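Inspection log for the structure reproduced underneath, given as structure tokens.
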Amino acid sequence: MMATFKIFLTMILLLLPFDFAMGEQGFAAITMTPAADGGETYTLSMQVLALMTALSLLPAALITMTSFTRIIIVLAILRQALGTAQTPSNQILIGLALFLSLFESFFLLCYQTRFYSGKIQKFCRKVGKIFYLFRGSS
């Protein structure tokens, strides 16, 4: 116990001068400077942090916001039902599921925009007129 403490204390005393020498240089990890066009420029470390955060949250968004999970489960069950153990590899199944989920998201976005501009707006106007009539009668 005492020997471990002596080794630890010796290491701290040996590394202490390096800490003071490195502390004087000063490295600004988080710096924001105003740009010429009125925008803001962040340091490279902040840009890398933002990029790594976005890249780490992208798979979670893919799984939760698209039908990727359902498609990959159906493809895995289909592979098992066909009796092929690992013939289409997991990479191919994930690629197909990714393509199908992004294709479906794009298709639904186009359909939703067209549907909202047509039927939903007409329905909202009709409901608004009915609400206005009931409101005016009381």
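Every number in this text was worked out from the coordinates using simple rules, so none of it is lab data. Note that the structure is a prediction, hence the values are computed from the model and not measured. Positions of Cβ are backbone-derived with ideal geometry, glycine not excepted, and every protein chain shown enters the neighbour counts.
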What are the ³J(HN,Hα) couplings of segment 40-46, residue after residue, when phi is run through the Karplus curve with 6.51, -1.76, 1.60 and θ = phi - 60°? Round to Hz, x for glycine and proline. 10, 10, 9, 5, 4, 5, 5
Förster radius 30 Å - calculated FRET efficiency between LYS119 and ARG70, Cβ distance, rounded to 0.05: 0.65
Which far-off residues, 5 or more places away or on another chain, put their amide H under 5 Å from the one on THR43, with H placed in the peptide plane? THR31
For segment 53-59, take each phi angle, set θ = phi - 60°, evaluate the Karplus expression 6.51 cos²θ - 1.76 cosθ + 1.60, and give the result in whole Hz per residue in order, putting x for glycine and proline. 5, 5, 5, 7, 8, 4, x
